[in-house]
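The values are calculated or read from the model by the stated rules, or taken from the named source; none is laboratory data. What you see is a predicted model, and the numbers here were worked out from it, not measured in a lab. Cβ atoms come from the backbone with ideal geometry, glycine included; neighbour counts cover every protein chain shown.
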């Protein structure tokens, strides 16, 4: 998401699995929802969180999730799809 001047904290490169549902955690905070989603069998592909302290905690707790530290009002769904390398149609907002 660098095109908006926001910092992205990248974990390891994720691979998409057709067997597991995927999710993007919006207003991620420290990552409670991401923990629950993972426990329920989801692959959390990315998260968006504006607060720097919460983002640092999220990154520590979820190092393999690509965190976009930015104001969600600046997030373009198409830019997010491109950043995650998701083909058009692989999400409900494409």
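Tabulated data
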| read-out | value |
| --- | --- |
| Whichever residue in region 62-75 is touching a residue at least 60 places away in the same chain (Cβ under 8 Å) and over 11 Å from the mean Cα position of the chain (by Cα) and, among such residues, is surrounded by the fewest Cβ atoms within 10 Å (Cβ to Cβ) | 71 |
| Qualifying residue in region 78-90 (condition: in contact (Cβ under 8 Å) with a residue 40 or more places away in the chain and either more than 13 Å from the chain's Cα centre (by Cα) or exposed (fewer than 12 other Cβ atoms within 10 Å of the Cβ) (or both)) | yes |
| Residue match in region 45-61 (condition: within 14 Å of residue 24 (Cα to Cα), loosely packed, with under 15 Cβ neighbours inside 10 Å and more than 11 Å from the chain's Cα centre (by Cα)) | no |
| Every residue from region 16-29 that is modelled with pLDDT under 70 and either surrounded by 12 or more Cβ atoms within 10 Å (Cβ to Cβ) or under 13 Å from the mean Cα position of the chain (by Cα) (or both) | 16 |
| Matching residues, region 30-41, being crowded, with 17+ Cβ neighbours inside 10 Å and part of a loop (DSSP other than H, G, I, E, B) | 30, 31 |
| In region 73-94, the residues that are part of a helix (DSSP H, G or I), modelled with pLDDT under 95 and over 15 Å from residue 44 (Cα atoms) | 77, 78, 79, 82 |
| Flag if residue 54 is modelled with pLDDT of 90 or more and more than 22 Å from residue 87 (Cβ to Cβ) | yes |
